[in-house]
Amino acid sequence: MLDDKRKYIYNVPNLKYKRQHLRNNATPTEQILWQELKNSKLGYKFRRQFSVTGYILDFYCPAKRLAIELDG
C-alpha cells in the first residue's frame, strides 16, 4: 500500500517530460553543481530534477531528505 502512495508523490508521471526538458536544458550553475554531486562523490546519491507532488526539485538526496533548489 505504501508503494502505491509513493508512486503518486514522487516523480509524478505527468511531469516526466518537464523533468527531462529541465535536465537537458540545465543552467550553467546547475551543470557545475551536478558535476560535484553525481556519482556519489560526496558519499550520498543525488538525483536531478526529481519531482515531489507537483514540484520539481533541482537536486534531491533521498538518504538525507535534502532538497537543493538553484535560482538564476
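The values are calculated or read from the model by the stated rules, or taken from the named source; none is laboratory data. It should be emphasised that the depicted structure is a prediction, and the values quoted were computed from it without experimental measurement. Reconstructed Cβ throughout: ideal geometry from the backbone, glycine too, with neighbour counts over all protein chains shown. In case anyone asks, the SASA skips ligands and DNA or RNA and just uses the protein heavy atoms, side chains included. Shrake-Rupley method; radii C 1.70, N 1.55, O 1.52, S 1.80 Å.
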Query raised in the report: For segment 27-72, how many residues meet the condition of being under 11 Å from the mean Cα position of the chain (by Cα) and on the phi > 0 side of the Ramachandran plot?
Result: 1
Report task. Mind listing whichever residues of segment 39-56 are more than 16 Å from residue 70 (Cα to Cα) and out of contact with any helix residue (DSSP H, G or I) (no Cβ under 7 Å at 6 or more places or on another chain)? Result -> 39, 40, 41, 42, 43, 44, 45, 54
Query - Inter-residue pairs, beta-carbon under 7 Å, first under 12 Å from residue 11 (Cα atoms) and among the polar types (S, T, N, Q) and in segment 36-64, second open to solvent by 60 Å² or more (accessible area, probe 1.4 Å) and not in a loop (DSSP other than H, G, I, E, B), 6+ apart - result: 49/23; 51/10; 53/9
